[in-house]
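J.: Encoded as structure tokens, here's the structure I'll be asking about.
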Amino acid sequence: MTKIRRRLLVPVRFIIKLERWRGNRLADWLRRRIIAAQPGLESLPWRLSTDKDFVLWTPASWHLSRADHRRLDRLLRIRQARSNAQVVSCDDWVPSRNGDRLRWREKGQLDSYLDAQTGFFDGPLLLASSLIAQHGLPPEDPALRPQWRLTVFREIGLTRWTHVPLPLAVCSQYKHEPAQPAKPKNQELISVLIPSGGFFKSVNGRGTMLFRHCLTTLLQRSDYRNLEIILVDGGEFTDEQILEFKNIVEASLGPNRWIHCSDFRPYSYSLRMNLAASSASGKYLLQLNDDTELLEPEALGSMTALLEDPTIGVVGSLLLYPGGRVQHGGVAIDNVAPSHPWAGLWPKRLPVGLLAAPRQFQAVTAAVCMCRTALWSSLNGLREDLPVNYGDVDFCLRARELGLSVILDPASRWTHFESASRTLAKVPAELPRFRELWTEKLGGRRCIDPYSSRWRELRRAV
């Protein structure tokens, strides 16, 4: 297994570097050899590698040389033989924004929501002849292919659509426009649930109360005005401060838009959110950490617009550290351990297409996320045996069990002063409990997050 891990690390380190010398005979040979040496892509007997029951289809606008076509056909057939799939896809190279280099487009599990908006999952496919007889080849019109892919995926399921998580072809063109905020049809009431302990932090060089900063920037910048603000604390604020906050809210939103509740039990994020939600009257619930700052005026409207789709359950936001690096761009769950896979990266260094449109993840962080009040009620809110950590991930996974999507909205942008509002010194270890709840459902201790990275799927072929 150690040898396999090393062989999987090689492409991460070298394939992208070799791409800058594309066209150089030695660099091209090295890149192809590195890919061919990956677990699950070794040679197969001639009979399997030339199975006539499968056809390699490539989009008409993608121009592969004869040698690249043969190589692609061979690698996809190997993957098919080892997985017994009916469809095999692969990652690819796409031109950068200015077109001076190629970037690796890493494709996770087919996300029909993202694909319908961007055609993100377009590319070569190895297709079973029986599947072609039933559904035909993908349409020539690129705008119609997402629906064809969705139809096939729904029929054959995840296990019969496998993937080679390596760039095996070059896309002729790709759009790089960033996501635009969605427009809601109506401005339904949003209940904004903000837990706070009255902490201070330096913001722009000045000592600032986090809750006051969060509240005032939200009210000043958001163009969505149908809000009610619910503060839940542990008694840290004085009566004068509570009155000040109420006046700020009512001056901006009008009367009866302020609710304050206190929870004097030992700190539990889940308990406080459930308490706040019990006082809410909005159609939507926005969980909002007090260590956040709204950046995009249309953020709340965009999130509610997405939730107008009944197939979407939870919508999260793109969170940035002060200075602009990414803090949260979707939660990945590998080895039954939730994480922020791109924390610390500049947005321009994120995987291709990550910020191009709303897209699915297994979970998003509760620091800024929204759901319908009806969903919160049906799931009985946050699980109280996960008091601080992973309650948000658990909530998202339970929503997905109901058949609802969990979406990251990259047009909803906020600054997150992460962990500034609490100390983790006395937080109980909750990962064992999370694993107890979800290990079997997620596919075991070696589970792979299907939406952010599929590298380790190659191990399954050995």
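The values are calculated or read from the model by the stated rules, or taken from the named source; none is laboratory data. All figures in this text were calculated on a predicted structure; none of them were measured in a lab. Here Cβ is always computed from backbone atoms with ideal geometry, including for glycine, and neighbour counts include all displayed protein chains. Just the protein is used for accessible areas: all its heavy atoms, side chains included, with ligands, DNA and RNA removed. Shrake-Rupley method; radii C 1.70, N 1.55, O 1.52, S 1.80 Å.
J.: Taking the range 310-341, which residues are free of Cβ contacts under 8 Å to residues at least 12 places away in the same chain and under 18 Å from the mean Cα position of the chain (by Cα)? Walk me through it before giving the result.
T.: If we filter the range 310-341 for residues that are free of Cβ contacts under 8 Å to residues at least 12 places away in the same chain, which is where we start, we get 310, 323, 339.
Answer for the range 310-341, where residues must be free of Cβ contacts under 8 Å to residues at least 12 places away in the same chain and under 18 Å from the mean Cα position of the chain (by Cα): just SER339.
J.: Using the structure shown, decide if LEU189 is open to solvent by less than 70 Å² (accessible area, probe 1.4 Å), touching a residue at least 60 places away in the same chain (Cβ under 8 Å) and either over 24 Å from ALA36 (Cβ atoms) or of a type in the set (Gly, Ala, Ser) (or both).
T.: yes
J.: Among the residues of the range 376-409, count how many are over 24 Å from LYS107 (Cα atoms), open to solvent by 10 Å² or more (accessible area, probe 1.4 Å) and aliphatic (A, V, I, L, M).
T.: Final tally of qualifying residues: 3.
J.: Can you name the residue in the range 435-462 that is in a loop (DSSP other than H, G, I, E, B) and among the polar types (S, T, N, Q) and is also modelled with the lowest pLDDT among such residues?
T.: Selected residue: SER453.
J.: Kindly establish whether TRP29 is outside any helix (DSSP H, G or I) and either modelled with pLDDT of 75 or more or open to solvent by 60 Å² or more (accessible area, probe 1.4 Å) (or both).
T.: In short, no.
J.: So GLN241 passes all but one of these: (1) under 19 Å from LEU189 (Cα atoms); (2) open to solvent by 10 Å² or more (accessible area, probe 1.4 Å); (3) of a type in the set (S, T, N, Q). Which condition number does it fail?
T.: For GLN241, the failing item is (1).
J.: Filter the range 283-331 down to residues that are assigned to a loop (DSSP other than H, G, I, E, B) and open to solvent by less than 10 Å² (accessible area, probe 1.4 Å), then give me how many there are. Break it down into steps so the answer makes sense when it comes.
T.: We begin by selecting, within the range 283-331, every residue assigned to a loop (DSSP other than H, G, I, E, B); these are 283, 289-291, 295-298, 308-311, 321-325, 329-330.
Checking the rest, the ones that are also open to solvent by less than 10 Å² (accessible area, probe 1.4 Å) come to 290-291, 329-330.
The total comes to 4.
J.: Continuing with this model, one more query. Can we say GLN80 is open to solvent by less than 40 Å² (accessible area, probe 1.4 Å), closer than 16 Å to LEU168 by Cβ and either at pLDDT below 85 or outside any helix (DSSP H, G or I) (or both)?
T.: Details: open to solvent by less than 40 Å² (accessible area, probe 1.4 Å): yes; closer than 16 Å to LEU168 by Cβ: yes; either at pLDDT below 85 or outside any helix (DSSP H, G or I) (or both): no.
Taking the combined requirement at face value, the residue does not satisfy it.
J.: Only residues that are open to solvent by less than 10 Å² (accessible area, probe 1.4 Å), in contact with a Pro (Cβ under 6 Å, 6 or more places away or on another chain) and under 23 Å from ASP73 (Cβ atoms): list them for the range 105-149, please.
T.: Residue satisfying the conditions is ARG145 alone.
J.: Counting just the residues of the range 199-214 that are touching a residue at least 40 places away in the same chain (Cβ under 8 Å) and either over 16 Å from GLU293 (Cα atoms) or open to solvent by less than 70 Å² (accessible area, probe 1.4 Å) (or both), which one comes out nearest to the chain's Cα centre (by Cα)?
T.: The extreme case among them is CYS214.
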